[in-house]
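Written below as structure tokens is the structure these notes are about.
What follows is calculated from the coordinates using simple rules that are stated; it is not laboratory data. Since we're looking at a predicted model, the values are computed, not measured. Every residue, glycine as well, gets a Cβ built from its backbone with ideal geometry; the counts of neighbours run over all protein chains shown.
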């Protein structure tokens, strides 16, 4: 589990942002930390807190219910359709995007905003092209039924109960 956390969200949320901040230091694109007296700071808190909560919830559910991790080398052995997964199919990616947006706001950084766009675009391509076909192959009709009722990125308003017909 720790390896998955360090490699996946750790690289996306810590390593790449740190590299971008370092590379842009001393340039017109240098980061400028927003303090608690600014609206940007509090927007970062408002955006980042639910992102961290989504990530934590996802990791917990993958371990407890799915008996795996969000990492492709140790995926869940059971389809997780409980908790936050009743609202959205990819809460980890949604959570990571929210935290990246919070980092962008907090550090007032165009390079971080660009990294957020690249990360979102990459996942917009990768998830439907690779991850979802893999889930269909592993979980079959259960996954197809779930995917037909639960959105990929933006949470639905009410939790999916599994009672909806496909």
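Considering each of 159, 155 in turn, give the residue that is surrounded by 14 or more Cβ atoms within 10 Å (Cβ to Cβ), assigned to a loop (DSSP other than H, G, I, E, B) and either out of contact with any helix residue (DSSP H, G or I) (no Cβ under 7 Å at 6 or more places or on another chain) or free of Cβ contacts under 8 Å to residues at least 12 places away in the same chain (or both).
Numbers: 159 fails: either out of contact with any helix residue (DSSP H, G or I) (no Cβ under 7 Å at 6 or more places or on another chain) or free of Cβ contacts under 8 Å to residues at least 12 places away in the same chain (or both).
Checking each option against the conditions leaves just 155.
Output the residue which, of all residues in segment 6-21 that are surrounded by 12 or more Cβ atoms within 10 Å (Cβ to Cβ) and free of Cβ contacts under 8 Å to residues at least 12 places away in the same chain, is nearest to residue 102 (Cα to Cα). Write out each step before concluding.
Keep residues of segment 6-21 that are surrounded by 12 or more Cβ atoms within 10 Å (Cβ to Cβ), which gives 6-17, 19-21.
Filter once more, keeping what is free of Cβ contacts under 8 Å to residues at least 12 places away in the same chain: 6, 10-11, 14-15, 19.
Working: 6: 19, 10: 15, 11: 16, 14: 13, 15: 16, 19: 17 Å.
Of everything passing the filter in segment 6-21, 14 is nearest to residue 102 (Cα to Cα).
Would you pick out the residues in segment 101-152 that are touching a residue at least 60 places away in the same chain (Cβ under 8 Å) and at positive phi?
108
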